[in-house]
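Take a look at the structure set out below.
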Protein chains: 4
Amino acid sequence: MIEPGDRVLLIGEGREFFVKAGQNVLSTDKGQLDLASLVGKTAGDILTTHNGSKFTIRIPRPTDFFTYGKRSGAPMLPKDIGLVIAYTGMNHNDDVLDAGTGSGIAAIYFGGVAKTVKTYEIRPEFSTLAMKNIIDSKLTNIEAVAEDFLKAEGRYDVVHLDLQIQPEHVTHAYSLLRPGGYLACYTPFLEQMAIVVDAATGLFREVHTHELIEREMTRSKRGTRPSTSVSHSGYVTIARK
Amino acid sequence: MIEPGDRVLLIGEGREFFVKAGQNVLSTDKGQLDLASLVGKTAGDILTTHNGSKFTIRIPRPTDFFTYGKRSGAPMLPKDIGLVIAYTGMNHNDDVLDAGTGSGIAAIYFGGVAKTVKTYEIRPEFSTLAMKNIIDSKLTNIEAVAEDFLKAEGRYDVVHLDLQIQPEHVTHAYSLLRPGGYLACYTPFLEQMAIVVDAATGLFREVHTHELIEREMTRSKRGTRPSTSVSHSGYVTIARK
Amino acid sequence: MIEPGDRVLLIGEGREFFVKAGQNVLSTDKGQLDLASLVGKTAGDILTTHNGSKFTIRIPRPTDFFTYGKRSGAPMLPKDIGLVIAYTGMNHNDDVLDAGTGSGIAAIYFGGVAKTVKTYEIRPEFSTLAMKNIIDSKLTNIEAVAEDFLKAEGRYDVVHLDLQIQPEHVTHAYSLLRPGGYLACYTPFLEQMAIVVDAATGLFREVHTHELIEREMTRSKRGTRPSTSVSHSGYVTIARK
Amino acid sequence: MIEPGDRVLLIGEGREFFVKAGQNVLSTDKGQLDLASLVGKTAGDILTTHNGSKFTIRIPRPTDFFTYGKRSGAPMLPKDIGLVIAYTGMNHNDDVLDAGTGSGIAAIYFGGVAKTVKTYEIRPEFSTLAMKNIIDSKLTNIEAVAEDFLKAEGRYDVVHLDLQIQPEHVTHAYSLLRPGGYLACYTPFLEQMAIVVDAATGLFREVHTHELIEREMTRSKRGTRPSTSVSHSGYVTIARK
């Protein structure tokens, strides 16, 4: 049941709105939506504008936070987040450390999968913005800390790093991991990838760097072909303790 | 604490053994391992062979089931499983339907992420083999059914299909999905991908087909370069209700 | 020595102009260029505008015709033209048949390599435009014909097809080829590629379809990474008689 | 007309033989081939073994030298040779400098396209082996020199480098090029690519590095899919003077 302040997706009339249940009224080209009336409703219920347009209520999923969440920069792409989840075997028994938080999108994906997520972000204003996204996600197993990852303590099954990587980050990650646990480092540039691989090799039992090239396939009356819009975003190095 | 019948990884002396705690003795080139003595131990404990070699105990993760699980055919690759998890936003609130089960590896990954997984496999001998892997994984939220997916009922947040796809599979998946839920279809061949896209277009709100080309980067004294071993496995179509 | 009507590249002041030697004056933001004065000059000579800006004279290469030639549609990309040249081993002993001509860019590349090129284009207005590019290229070994490829006769070492492909095109190409010669078919869509492969298999001794995914690497102070602008254009099937 | 010593391809009975016309007899599982009788014959003629098997005579093309030529190491792949030809617009007006020669395969491709090719190889034994391939190709416009590329003089339209690259190679190539001419550097490793780009940037007017990822498409009764055998070989940097 939707509570005041909850994030809600309204879908209809060829439009999507990512709103907050509460006392506002949202004016759209399809009429006015009374957001207070969302409270108490549930997924699949209908909200009708003052002039009769109908919108279906949806509870947002992590994919919607990737689309509609506030951003402090370019977030990791879902394809790379998926690779981290799959190549670490992230699951509901895991304690995950994530740094840097950025917009918090990776933390929200991980929070939906793992037992606990602790996410470090050294820039306080980024951490503050990410907290808004995390609160919107209603995930209660994510703790956001505005601090340097190198100060992190504790024991983790997966450490995920998406920051200006230095060798000491890799060494510190190793010290935090449980045996059999995984470090996953996302690096957009080859030089950073080399730093990770050089620091991890020898220290970790296994080190592999992956690049994912993703293409969308298009299909029209003319035929089927790959889209020319291809996404490369970076390299993901997976190292197992 | 390890119980009789639990799957355990033993790591040491440059070797890995995927064993079952119990009354057996495992003979290795590093000496004999008494598997009965695993019972009551826990991750990180040491098992010593009769001649003094030491092996560290690990509780297997989903990645280990991909490596060591029994196989009835080529399972989906982790990169594609990760793409399904990320592009559906699969999380611990989700009821997931998976068909066909195959070796059960995708179901084990999903079981670590979702609230419940129900997995359909029309070939009873495949379902039986997959059950062994699923029992080994100790995931209690996976139900394996040796039946045709077209007979499936209930309501799901994610339906994942990896089978000889026909248009009626896509239509049936639509009927099982909650609003805002996702169908993810894995198809190795282009012709099957076309069947999925044609059946889903119009029915679902959004339809996108992705291809992931994965490369491993290698780094040696000679330099850094992409590996020539590149993995394409198939196409993943994501359709949202 | 440049003659009236010759195409010339003028390079300087951070600009490039693709002009025709003759009686015109070209007004640029760097001053007026007297194109009549190009006649009798040669590559490397300097042309000075009325206000003193200097432009160096270049004789255009095939790459410049790709950039500056008139276009009747999207021409084949150089990467794919290069693949045709390399996979057919096209060389100065070869008689090449090219169809459809399109903008004539592929014919111009081939004309610089082969002994003779005969290029067929069924749409007269396309053939007329292509003739302008071919005349500009000053290649005298290219013959452009505004006719259906199926009417082509003669004997060729390489047949290159970039048109709405039908099985009879493949069969006809076979009949025109010398033993050991190559058919190269460019097809943007998978369905067309399948038509080529199905028609060529059995008929030709060897049939291979290639896809080239090209990426540009970028290198800045931040580091080295693949560009996100990746070009896929189509499939090239190479069949040897 | 085939002369003594000419390379000839014999095709038939599901076999291919790359032979030299002359006084030998070739024993095959299909019978004995009298290679002396090749002299005076021409492409398309038939050679019959002593027991009646028939082989068709072919004059080898550059693609056959890639397949059958002697090798001193891994030669550049045709896809990359094609990219060099296309991105430099190499044509029959061009003087081309090639270094290092390696097995001479790239020089043979270029010799079939350009006016002249001069190829430098610092290792005399490699140059000797390459000469054998070049003589076999019957291309008379290729000059092979067993010397350091840094000692090369003259003026060229295209300089192609496939050697352990150093910044002075790039600078020297610049000095040899005619205005508007192209340097093409093939580098298997990223670190070498960076050397080229750093040395060429600023010096040349345009610098672009390309990576070609090639896949073969397979088509069987089960359907159409990309082959898992994908070829990456290296990076090709194209710089224009």
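The values are calculated or read from the model by the stated rules, or taken from the named source; none is laboratory data. Since the structure is predicted, the reported quantities are computational estimates derived from the model, not experimental observations. When we count neighbours, we look across all protein chains shown, and the Cβ atoms used for this are built from the backbone with ideal geometry, even at glycine. When the accessible area is computed, the model is the full protein with side chains, heavy atoms only, and any ligands, DNA or RNA have been set aside. Shrake-Rupley method; radii C 1.70, N 1.55, O 1.52, S 1.80 Å.
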Members of region B:198-209 found to be under 24 Å from the mean Cα position of the chain (by Cα) and open to solvent by less than 10 Å² (accessible area, probe 1.4 Å), listed by number: B:209
Go through (1) of a type outside the set (Asp, Glu); (2) within 14 Å of chain C (Cβ to nearest Cβ); (3) more than 19 Å from the chain's Cα centre (by Cα) one by one and return the number of the condition residue A:155 breaks. (2)
Restricting attention to region D:59-68, does a residue exist that is more than 30 Å from residue C:106 (Cβ to Cβ) and modelled with pLDDT under 95? no
Test of understanding: among C:128, C:140, C:116, which residue is hydroxyl-bearing (Ser, Thr, Tyr), out of contact with any helix residue (DSSP H, G or I) (no Cβ under 7 Å at 6 or more places or on another chain) and farther than 20 Å from residue C:61 by Cα? C:128
Could you count how many residues in region B:164-195 are of a type in the set (Val, Ile, Thr) and at the interface with another protein chain (Cβ under 10 Å from one of its Cβ atoms)? 1
Can you find a residue that is surrounded by fewer than 17 Cβ atoms within 10 Å (Cβ to Cβ), in a strand (DSSP E or B), over 24 Å from the mean Cα position of the chain (by Cα) and modelled with pLDDT under 95 anywhere in region A:210-218? no
Tell me whether region D:197-208 contains one or more residues that are more than 30 Å from residue A:215 (Cβ to Cβ), touching a helix residue (DSSP H, G or I) at 6+ places or on another chain (Cβ under 7 Å), in a loop (DSSP other than H, G, I, E, B) and more than 8 Å from every other protein chain (Cβ to nearest Cβ). yes
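Which residue, of C:67, C:56, is touching a Phe, Trp or Tyr at 6+ places or on another chain (Cβ under 9 Å), of a type in the set (Ser, Thr, Tyr), surrounded by fewer than 16 Cβ atoms within 10 Å (Cβ to Cβ) and over 22 Å from residue C:173 (Cβ atoms)?
Exactly one of C:67, C:56 is touching a Phe, Trp or Tyr at 6+ places or on another chain (Cβ under 9 Å), of a type in the set (Ser, Thr, Tyr), surrounded by fewer than 16 Cβ atoms within 10 Å (Cβ to Cβ) and over 22 Å from residue C:173 (Cβ atoms), namely C:67.
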Reported set for region B:140-158 where residues are surrounded by fewer than 21 Cβ atoms within 10 Å (Cβ to Cβ) and of a type in the set (D, E, K, R) is B:143, B:147, B:148, B:151, B:153, B:155
Filter region D:209-226 down to the residues that are more than 8 Å from chain B (Cβ to nearest Cβ) and over 19 Å from residue D:88 (Cβ atoms) and list them by number. D:214, D:216, D:217, D:218, D:219, D:220, D:221
For the structure I just gave you, tell me whether residue B:161 is open to solvent by less than 30 Å² (accessible area, probe 1.4 Å), more than 12 Å from chain D (Cβ to nearest Cβ) and in contact with a Cys (Cβ under 7 Å, 6 or more places away or on another chain). yes
Candidate set from region A:219-240 (those that are among the charged types (D, E, K, R) and in a strand (DSSP E or B)); member that is most open to solvent (accessible area, probe 1.4 Å): A:219
Name the one entry in A:73, A:12 that is more than 24 Å from the chain's Cα centre (by Cα) and open to solvent by less than 80 Å² (accessible area, probe 1.4 Å). A:12
Could you please find all residues in region C:81-109 being under 14 Å from residue C:183 (Cα atoms), open to solvent by less than 10 Å² (accessible area, probe 1.4 Å) and either within 14 Å of chain D (Cβ to nearest Cβ) or not aliphatic (A, V, I, L, M) (or both)? C:81, C:83, C:84, C:85, C:86, C:88, C:89, C:90, C:94, C:96, C:98
Every residue from region B:19-42 that is open to solvent by less than 40 Å² (accessible area, probe 1.4 Å), of a type outside the set (Gly, Ala, Ser) and within 19 Å of residue B:135 (Cα to Cα): B:19, B:35, B:38
Give the residues of region A:170-191 that are outside any strand (DSSP E or B) and open to solvent by less than 20 Å² (accessible area, probe 1.4 Å), sorted by residue number. A:170, A:173, A:176, A:189, A:190
Given (1) within 13 Å of the chain's Cα centre (by Cα); (2) surrounded by fewer than 17 Cβ atoms within 10 Å (Cβ to Cβ), index of the condition residue D:137 fails: (2)
Residue set B:36, B:43, B:74; condition away from every other protein chain (no Cβ under 14 Å) and aliphatic (A, V, I, L, M); output residue B:36
Scope region B:166-194; condition farther than 24 Å from residue B:93 by Cα and touching a Ser or Thr at 6+ places or on another chain (Cβ under 8 Å); matching residues: B:187, B:188, B:189, B:190, B:191, B:193, B:194
